[in-house]
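Read through the structure below, which is laid out as structure tokens, and then see the notes.
The values are calculated or read from the model by the stated rules, or taken from the named source; none is laboratory data. If you're wondering where the values come from, they're calculated on a predicted model, not measured in any experiment. Reconstructed Cβ throughout: ideal geometry from the backbone, glycine too, with neighbour counts over all protein chains shown.
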Amino acid sequence: MNPVICLVHDPANPKVRTDVQSKVALLETFYQENHSAREVPPAPLKEAPESKAPVNENKDAVDSTIRVQVSLLDRLMTLMGEMVLVRIQVLQHTEKCDDMEFTRLSQKLNQVTTELQDKTMKPRMEPIGNILTKFQRMVRDLSASLDMKIQLKLIGTETELDKSLIEAVKDLLTHIVRNSCDHGLETPAERIAAGKNETGTITVEAYHEWADNCQYYR
């Protein structure tokens, strides 16, 4: 609790005024001694450690990808098909034209259209290995049920096809591989008698050739 002192000041009485002045001086001295004893020097401020913002490693990956509706991709594919037809017509007309400038422009159009076609089809492309690798289990099950030794060899699983085309040929490929196991290979005894390895091999190969996808089965 802080002390409270009341002083009565009478200007008409010089003795009182002198006495008051002396008491005020005494109070000031008392206050300074008390205040300096109680005053605690402030603690030095500690510098807050610099907070490093977390580095988002996936930020670039997130910023570089967007979601696109399949209907928009289908529309782009349709327009790209029409552009390819126009390109073919222009190139056919170039063969009958002697205008060198028109020939040069048509060749440039052909180059740009081809590159645009590849970039447009890229989002819809998937490796065919997504369905070919599933045949491994089917061949093992057929090999056990038929009491035969069958090996499935896959080549070119990284070959990319349009997603809709992969869905279209999935059942066809399943039928071909199954028939190859059922009717395309001899029994182990027949293979040994013919001088062959008792393990039959079914090879599925996929690759691109001349901008067309080719698949061979043997």
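Would you call Thr174 without any contact (Cβ under 8 Å) to a residue 40 or more places away in the chain and within 30 Å of Thr120 (Cα to Cα)?
When the stated conditions are applied, Thr174 passes them.
Given the conditions (1) at pLDDT 90 or above; (2) under 22 Å from Leu79 (Cβ atoms); (3) of a type in the set (A, V, I, L, M), and given that Ile155 satisfies all but one, which numbered condition is not satisfied?
Of (1) at pLDDT 90 or above; (2) under 22 Å from Leu79 (Cβ atoms); (3) of a type in the set (A, V, I, L, M), only one is false for Ile155: (2).
Working carefully through the options Gln117, Gln151, find the one that is closer than 20 Å to Glu209 by Cβ and polar (S, T, N, Q).
Gln117
With Thr157, Thr187, Thr133 as the choices, which residue is in contact with a helix residue (DSSP H, G or I) (Cβ under 9 Å, 6 or more places away or on another chain) and of a type in the set (Ser, Thr, Tyr)? Give the steps one after another, and end with the answer.
Numbers: Thr187 fails: in contact with a helix residue (DSSP H, G or I) (Cβ under 9 Å, 6 or more places away or on another chain); Thr133 fails: in contact with a helix residue (DSSP H, G or I) (Cβ under 9 Å, 6 or more places away or on another chain).
Criteria check complete, one pass: Thr157.
Residues that are of a type in the set (Gly, Ala, Ser) and assigned to a helix (DSSP H, G or I): does segment 73-87 have at least one?
Yes, the conditions are met somewhere in segment 73-87.
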